[in-house]
1. Compute the distance in nm between two label points, each set 7 Å from the Cα along the Cα-to-Cβ direction, one at residue 55 and one at residue 19.
2. Can you work out the PRE-style zone for residue 27? Point 7 Å along Cα to Cβ, and I want the residues of the stretch 33-55 with backbone N under 18 Å.
3. Of 44, 67, how do they rank once you tally other Cβ atoms within 10 Å and put the fewest first?
4. Please report, in whole Å, how far the alpha carbons of the stretch 11-80 spread along each principal axis, starting with the longest.
5. Of 59, 69, 31, how do they rank once you tally other Cβ atoms within 10 Å and put the fewest first?
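Rule-based calculations on the coordinates, nothing more; no lab input. What you see is a predicted model; the values in this text were computed from it and never measured. With ideal geometry, Cβ positions are generated from the backbone for all residues, glycine too; neighbour counts draw on all protein chains shown.
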């Protein structure tokens, strides 16, 4: 999937354990991007759009949603490619 090409940036995603960060959850044609800041969200969404376009997919703005969880400004974006 196109997400593999956008998650190589070490500061993106949310802390998962002492050494790694969780950047996305994928299922069939759905993807959730996990980030801590709006800037990271914008960067990952832009990268996802570029990578998805390379294989003929597009992000559906009608089906995309954002969700803020907790006080640590974690944002999850649900997109269907």
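1. With each label point 7 Å from Cα toward Cβ, the separation is 2.8 nm.
2. Flagged as within label range: 33-35.
3. Working: 44 24, 67 10.
Least crowded to most crowded, the residues run 67, 44.
4. Answer, in whole Å and largest first: 36, 24, 22 Å.
5. With the fewest neighbours first, 59, 69, 31 line up as 69, 59, 31.
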